[in-house]
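Working notes, structure below.
The values are calculated or read from the model by the stated rules, or taken from the named source; none is laboratory data. Here the structure is a predicted model, which means the values were calculated and not measured. In this analysis, Cβ positions are derived from the backbone assuming ideal geometry, glycine residues included, and neighbour counts consider all displayed protein chains.
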Amino acid sequence: MTEAAKYQITIHGNVYDLATGDGAQVVPIDKRNRAASPFMTPPLPPQGIHGRDDDLTQVYDLLALGDEETGDVPPVALRGLGGIGKTTLATALGRLNFVPSFFPDGVLWVALGPSPTVRLLLDGWGRALGVDLLPERDEAACRDRLRAVLYHRRALLIVDDVWDVAQGQYFLVAGPNCRTLLTTRETPVAYALATRERTLRVDVLKPVAALALLRRLAPEAVTSDERAAQRLCERLEYLPLALTLAGRLLAVEADVPARMQRMLGELIERREARLNLLQAEGRLGLTEEEPVSLQAILGLSVNRLDKVDQERFAMASVFGGDPLTWEINAAAYVWECSVIEAEDTVARFIQRGLIERRGERYWMHALLADYAAELMEEMGL
Ligand SMILES: Nc1ncnc2c1ncn2[C@@H]1O[C@H](COP(=O)(O)OP(=O)(O)OP(=O)(O)O)[C@@H](O)[C@H]1O
Ligand SMILES: [Mg+2]
């Protein structure tokens, strides 16, 4: 992959550049001589975006971005595991180079997270659009105001990291010439806000894209032992977050090749080494100061379960992660409950993106299985 390619997306054979640069891009005065339109899309990750042309093509089609005349396009949702790359995909969409002309009134971006202050976030959109929402009575009134303002505008609305249907609904304020993209870990949230047909499951990267991402972050590590690097991608199950964290870790050691090799070996072999990958940037719902581990990120999903389900999630580690799968009877046995109760729990896990159904059986991402195993030790189960 060339230097430019990581900031390009190919859709239906056309190559589009992604706008780079930090923070919100602000386009000067627009055609109608109004104040500058807001372009709130956050920056792309420094390593760019790898292996998402197909996903973006699907989003492009679902949002009918090829046709300005198509009105009233309902929202589209991206859903998938934590760390799979939903936010990154949404960021790439918001930075496609035709976006400012397709959406001359701007890109409104909001990240909700598990406990958003809806009112403040609505105010943020109001300010971006040049509307004062302070006098409004409540969230519903703010929503109605935004809806009225956006009725005659052409804007792209991106609502990232929705955890709750009711919270997400406040941001469904698109007018007939707007488009809305949501991201969420939770299937019921996606289906409720965007319908099942308009929900796109974001999956792990293809092996080639995963290796390209690792190479981008830690070129020395991949060059020095490509086979080992491929094995690492496989062990991290091509999960972008894990690959990114591992790549950063290896890059730090690049000056001392022997140490880097050791680290690579450790990441491949050791469970704890894989889980303790540190991430520099802060993430929503976590404290700002603490370095954030993959564990903490995955924990966000688990902490929302009740006590019994948390224990059951931890115990599910005995089934092992990918490629192992298990069936409901085994779960009922380990959890010492009825099959019906086990099905209820499993349904909740699926909704949270903690496990997935594979035919009649169930499957857990290996990193989550590692996490569950740690949890089991911690809980003394
Ligand atoms: N296609 C990609 N190419 C390169 N890096 C990626 C890609 N997708 C994701 N990443 C990196 O992986 C990490 C996780 O991605 P992202 O934050 O988009 O995941 P997410 O699905 O939004 O997770 P969450 O549910 O926790 O919000 C980020 O550090 C991002 O930079
Ligand atoms: Mg996200």
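A few points about this structure:
- Number of the exception - Thr187 against (1) at pLDDT 95 or above; (2) not assigned by TED's automatic domain parsing to the domain that holds Ala246: (1)
- Applying the condition of being away from ligand 1 (no atom under 16 Å from the Cβ) and not acidic (Asp, Glu) to the stretch 195-220 and asking which residue is surrounded by the most Cβ atoms within 10 Å (Cβ to Cβ) yields Arg198.
- Filtered by the rule that a residue be more than 19 Å from the chain's Cα centre (by Cα) and small (Gly, Ala, Ser), the stretch 171-193 gives Ala174, Gly175.
- Check on Ala258, more than 13 Å from ligand 1 (Cβ to nearest atom), free of Cβ contacts under 8 Å to residues at least 60 places away in the same chain and small (Gly, Ala, Ser): yes
- Scan of the stretch 266-313 for residues that are within 13 Å of ligand 1 (Cβ to nearest atom), in a helix (DSSP H, G or I) and at pLDDT below 75, ordered by number: Leu294, Gln295, Ala296, Ile297
- Test result for Tyr362, over 12 Å from Asp309 (Cα atoms), among the hydroxyl-bearing types (Ser, Thr, Tyr), in contact with a strand residue (DSSP E or B) (Cβ under 7 Å, 6 or more places away or on another chain) and surrounded by 18 or more Cβ atoms within 10 Å (Cβ to Cβ): yes
- Residues in the stretch 136-175 that are modelled with pLDDT under 95 and surrounded by fewer than 17 Cβ atoms within 10 Å (Cβ to Cβ): 1 in all.
- Annotation note: of Ala221, Ala140, Ala155, the sole residue that is more than 16 Å from ligand 2 (Cβ to nearest atom) and without any contact (Cβ under 8 Å) to a residue 40 or more places away in the chain is Ala140.
- If the condition is being in a loop (DSSP other than H, G, I, E, B), touching an Asp or Glu at 6+ places or on another chain (Cβ under 8 Å) and not aliphatic (A, V, I, L, M), then the stretch 71-113 contributes Gly80, Asn97, Pro104, Asp105, Gly113.
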